[in-house]
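Data first, discussion second: the structure below is written as structure tokens.
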Amino acid sequence: MPKPVGRYVYWSERLVREVIDDNGIQLDPRVKASLKLGVGGGGLDLAGRDREKTTFEVAERLKRKLRRSIVSDFDTSGPLQLVQGASWVEVAEFQGWGYSRNRLTQRTAVVHARTVTAEGQRVDLCLFGGLKNLRGYTIPEDDPVLGWRSSAAPAIEALVASRGMAPSQVEGDVCSFDEEELAVDTLKVALSQGVYRRTDDHMGRPETRAFTVMGFDATEYVAFIYRDVTLTPGRWDFQWEPEMMGTSRILIGAPLWLRTTRPSSIRTYFGSNRVELPPSARQPTAQVLFQPSWQDIDQLPG
């Protein structure tokens with residue numbers, strides 16, 4: 001059987017370089033001086049930096065150097081900082097409100113991955129990074145379908161822009177979210193941003209949600225975690241939010257990379273691949289055709 005062909009679907013050059021620099025990791029072989037003999041006599045030749053490291057080589061060496069720091073067992077007590085895993089992932093473009101002082105400076109992807117640990121704990125990862133880091137995809141700026149944007153978007157923007165600082169610590173952002181509330185709202189964005197019908201009408205159909213970009217089987221992801229939040233048992237009742245049922249631990253951070261050895265699993269949802277749901281017989285027409293405005297935003301989930 002032929003060896004699977006791997007592909008890096010997402011690669012953050014900036015974050016990878018930061019982790020390398022911050023941890024003093026030497027990726028390239030040292031320049032070595034060697035004696036060069038020839039007709040013209042002897043001389044020194046510098047060898048060792050004769051080629052660029054490939055993305056795969058950088059990733060593999062980085063993992064080897066940080067093997068004692070990267071956690072792959074999500075039952076490990078936190079706070080976690082660097083994690084590695086495999087999961088089906090969904091990618092969407094995060095929708096801010098455009099007025100936060102701590103506004104993100106580029107189009108931002110929100111990646112959702114989920115795993116269930118050996119002890120039966122559901123762990124959800126909400127990872128934010130530059131949309132431009134998707135390799136081989138140009139995402140249109142305008143989505144043909146409109147949908148829900150979270151009222152917590154400014155606080156989430158502040159959290160991501162400050163790399164995990166509490167919103168109350170970020171200049172210009174004043175909000176009442178505690179750590180668990182903000183983590184729950186961040187997960188709701190990753191799971192439900194862009195809905196415009198009943199939530200369960202969109203369940204299992206990410207191509208129907210506005211702002212979703214793609215989904216694929218990530219055979220490996222490595223991420224830097226800003227916030228590691230375990231929900232207080234009994235505090236949260238998700239009986240009316242089936243996509244949140246079972247949520248236990250939420251990790252918020254940024255992906256270094258997302259890789260797949262199953263390129264055939266990639267599904268794109270943007271542009272002509274977006275599916276618009278027909279009006280639902282279970283809702284009045286006025287609600288079915290509703291497209292959120294800032295005045296109406298509090299009527300929507302989250």
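Here's the yes/no breakdown for (1) of a type outside the set (Val, Ile, Thr); (2) surrounded by fewer than 18 Cβ atoms within 10 Å (Cβ to Cβ); (3) touching a residue at least 60 places away in the same chain (Cβ under 8 Å):
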position	(1), (2), (3)
61	yes, yes, no
67	yes, yes, no
85	yes, no, yes
112	yes, no, yes
118	yes, yes, no
128	yes, no, yes
135	yes, yes, yes
140	yes, yes, yes
159	yes, no, yes
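What is the number of the single condition among (1) over 18 Å from the mean Cα position of the chain (by Cα); (2) modelled with pLDDT of 90 or more; (3) polar (S, T, N, Q) that residue 133 does not meet?
Here residue 133 clears every test but (1).
Need a quick list: strands (runs of 3 or more DSSP E) entirely within the stretch 1-90 having at least 1 residues that are modelled with pLDDT of 95 or more, aromatic (Phe, Trp, Tyr) and more than 22 Å from residue 252 (Cβ to Cβ). Full working, then the answer.
Working: elements: 7-11, 32-36, 43-47.
Once the strands (runs of 3 or more DSSP E) in the stretch 1-90 are filtered for at least 1 residues that are modelled with pLDDT of 95 or more, aromatic (Phe, Trp, Tyr) and more than 22 Å from residue 252 (Cβ to Cβ), what remains is 7-11.
Out of 264, 248, 280, which single residue is among the small types (Gly, Ala, Ser), over 27 Å from residue 104 (Cβ atoms), outside any helix (DSSP H, G or I) and modelled with pLDDT of 90 or more? I'd like the intermediate steps shown before the answer.
Values: 264 fails: outside any helix (DSSP H, G or I); 280 fails: modelled with pLDDT of 90 or more.
Only one candidate passes the filter, namely 248.
Does residue 184 qualify as being without any contact (Cβ under 8 Å) to a residue 60 or more places away in the chain and not hydroxyl-bearing (Ser, Thr, Tyr)?
Details: without any contact (Cβ under 8 Å) to a residue 60 or more places away in the chain: no; not hydroxyl-bearing (Ser, Thr, Tyr): yes.
The answer is no for residue 184.
State all residues of the stretch 197-224 that are more than 15 Å from residue 114 (Cβ to Cβ) and either hydrophobic (A, V, I, L, M, F, W, C) or touching a Phe, Trp or Tyr at 6+ places or on another chain (Cβ under 7 Å) (or both); if no residue qualifies, say none.
The answer is 207, 210, 211, 212, 213, 214, 222, 224.
Within the stretch 223-245, which residues are at pLDDT 95 or above, among the aliphatic types (A, V, I, L, M) and out of contact with any helix residue (DSSP H, G or I) (no Cβ under 7 Å at 6 or more places or on another chain)?
223, 225
The values are calculated or read from the model by the stated rules, or taken from the named source; none is laboratory data. All values reported here derive from a predicted model rather than from experimental measurement. Cβ atoms come from the backbone with ideal geometry, glycine included; neighbour counts cover every protein chain shown.
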